[in-house]
Amino acid sequence: MKPERNTPSAFTLLPLTASHGLMHIMAVALPALSLLVKEEFHLTNTAVGMLSFAFAAAIGLGSIPAGLLSDRVEVLRLIRFGFLSTALLSALLLLARDFRAVTLVFIGMGFFLSFYHPSALSHIARSVRVNRGKTYGVHETGASIGLAITPLIAGFISYYYGWRFVYVFLAVPALFIVFLLFRKRGDNNLGFYRWWCFR
């Protein structure tokens, strides 16, 4: 019997893996920037720690409604919406001038970042019938690479432009992902990834 046609390769999963990495870069950049945020707003260690906690809690708790939505709404649409909303909120960091406003922006960003995991994992589960474990493994490498390079990216951008611009710069690849996903809206199979990688 011939193997299933929807068996993915590392190349067809590259875009999804990159999206996973970007999600984790945006999620982990704040702790890497905590000292700069603390210095700007003259915060205590407890206060800046609570900011990171609120951001992480929004990501975690937001996964519950995101998971429920992924069972009812087209998952690529949820990923588009999450990245687009996060990119728009990133721009608001340039306008937020007090700690309360910054906290609200990060809570909002955390909530919309939470849309990624339930949607992406649901998409893989629905699209891949063979080598599913390998597919999840390749997908997870994006998170590991994103976590590893986040301090380097955050440190470099903040050194030259300030901590607020880290998320503004990260909004650019987020919008690029939204554009590519919009081009293939409604496509729920891995043929999308073949198209994205010019295969």
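Values as computed for the structure displayed
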read-out: Residue-count net charge about residue 48 - beta-carbon cut-off 12 Å; Lys, Arg +1, Asp, Glu -1; value: -1
read-out: Rough spin-label spacing in nm, given labels placed 7 Å along Cα→Cβ, for residue 169 and residue 129; value: 4.5 nm
read-out: Debye, to nearest 20: dipole size of the stretch 14-196, +1 on Lys, Arg Cβ, -1 on Asp, Glu Cβ; value: 620 debye
read-out: Local net charge near residue 94, Cβ-Cβ under 15 Å (Lys/Arg +1, Asp/Glu -1); value: 0
read-out: Rounded, prolate or oblate (a/c below 1.5 giving rounded, otherwise prolate when a/b exceeds b/c) for the stretch 14-196 by Cα gyration tensor; value: prolate
read-out: Förster radius 22 Å - calculated FRET efficiency between residue 136 and residue 64 (Cβ-Cβ, nearest 0.05); value: 0.60
read-out: Contour minus Cα-Cα distance for residue 52 and residue 145 (0.36 nm per residue); value: 31.4 nm
read-out: Label-point separation, residue 100 to residue 39 (7 Å along Cα→Cβ), nm; value: 2.7 nm
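Any read-out appearing in this document is the output of simple, stated calculations on the displayed coordinates, not a laboratory observation. Note that the structure is a prediction, hence the values are computed from the model and not measured. A quick note on method: Cβ atoms are made from the backbone with ideal geometry, for glycine too, and the neighbour counts reach across all protein chains shown.
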